[in-house]
Amino acid sequence: MKKLSARCGFTLPELMTTIAIISILIAIGTPVIQHTLPTIRLRSSAHNIYSTLMLAKAEAMRLGSTVAVRFDNVPNATPPNIIRAFVDDGAGGGIAGDGTINGGERLLTTSFLPDRIIYDQITFINSALIYTPRGIPVRPGGGGGALGAGRVTLCIEARAGGCMGNANGPRYRRTISVSTAGRVQMAEVENRNF
């Protein structure tokens with residue numbers, strides 16, 4: 001028969017050493033995670049806008065109708081920065097091709113920018129981009145003749161408001177651009193004077 005050991009479990013010095021090591025790892029890891037999280041949110045938001053623009057283009061061609069993407073900044077809303085893609089066909093008494101969701105126009109998708117991610121710059125006319133049934137971007141109310149190339153730049157909001165400065169480089173800004181041919185591209189913003 002096996003003899004049972006008198007010692008079971010951990011000793012107090014072993015437990016205290018383990019707790020000390022865990023505390024040190026948490027103390028080191030927390031600032032790293034807090035610093036990295038906004039950058040991850042920025043990349044995720046840029047990918048979300050890229051995907052929304054690609055969805056709008058694909059749906060415009062699939063449905064044979066105009067589809068708009070609108071970038072709104074509603075100051076007192078929670079969250080304040082909204083991205084909406086919708087069929088801008090004037091259904092239900094709305095105005096077709098105006099870049100504003102009105103009447104009974106069908107909403108395709110809505111998304112929001114997360115906390116501390118804001119629009120730095122929107123160069124689309126009236127903060128909207130419209131895709132024709134051929135997938136070509138036009139300006140709101142452009143009637144197909146005024147091409148709607150432009151870009152949206154996102155940034156990490158500084159604690160005092162506005163965007164974080166360039167001391168930490170381009171990782172604090174992402175730009176999603178649409179060419180006159182409808183090509184959507186995403187890039188880090190490089191060497192910009194703030």
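Among residues belonging to the range 12-40 that are modelled with pLDDT of 90 or more and either among the hydroxyl-bearing types (S, T, Y) or in contact with a Lys or Arg (Cβ under 8 Å, 6 or more places away or on another chain) (or both), point out the one that is farthest from P114 (Cα to Cα).
By that ranking, first place goes to T17.
Would a scan of the range 146-165 turn up a residue that is under 16 Å from S65 (Cβ atoms), modelled with pLDDT of 85 or more and outside any strand (DSSP E or B)?
Within the range 146-165, not a single residue is under 16 Å from S65 (Cβ atoms), modelled with pLDDT of 85 or more and outside any strand (DSSP E or B).
Just to verify a result, which residue in the range 166-194, among those that are farther than 19 Å from I49 by Cβ and not in a loop (DSSP other than H, G, I, E, B), is modelled with the lowest pLDDT?
N168
This table checks each residue for (1) modelled with pLDDT under 90; (2) of a type in the set (A, V, I, L, M, F, W, C).
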site: L53; (1), (2): no, yes
site: K57; (1), (2): no, no
site: M61; (1), (2): no, yes
site: A85; (1), (2): no, yes
site: G92; (1), (2): yes, no
site: G97; (1), (2): yes, no
site: L107; (1), (2): no, yes
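Can you tell me which residues in the range 98-135 are over 21 Å from T175 (Cβ atoms) and aliphatic (A, V, I, L, M)?
Correct list: I101, L107, L108.
Return yes when N126 is free of Cβ contacts under 8 Å to residues at least 12 places away in the same chain and more than 13 Å from the chain's Cα centre (by Cα) and no when it is not.
Values: free of Cβ contacts under 8 Å to residues at least 12 places away in the same chain: no; more than 13 Å from the chain's Cα centre (by Cα): yes.
No; evaluated as a whole, the condition is false for this residue.
The values are calculated or read from the model by the stated rules, or taken from the named source; none is laboratory data. This structure is a prediction, so every number in the text was calculated from the model and none was measured. All Cβ positions, even for glycine, are placed from backbone atoms using ideal geometry, and neighbour counts span all protein chains on display.
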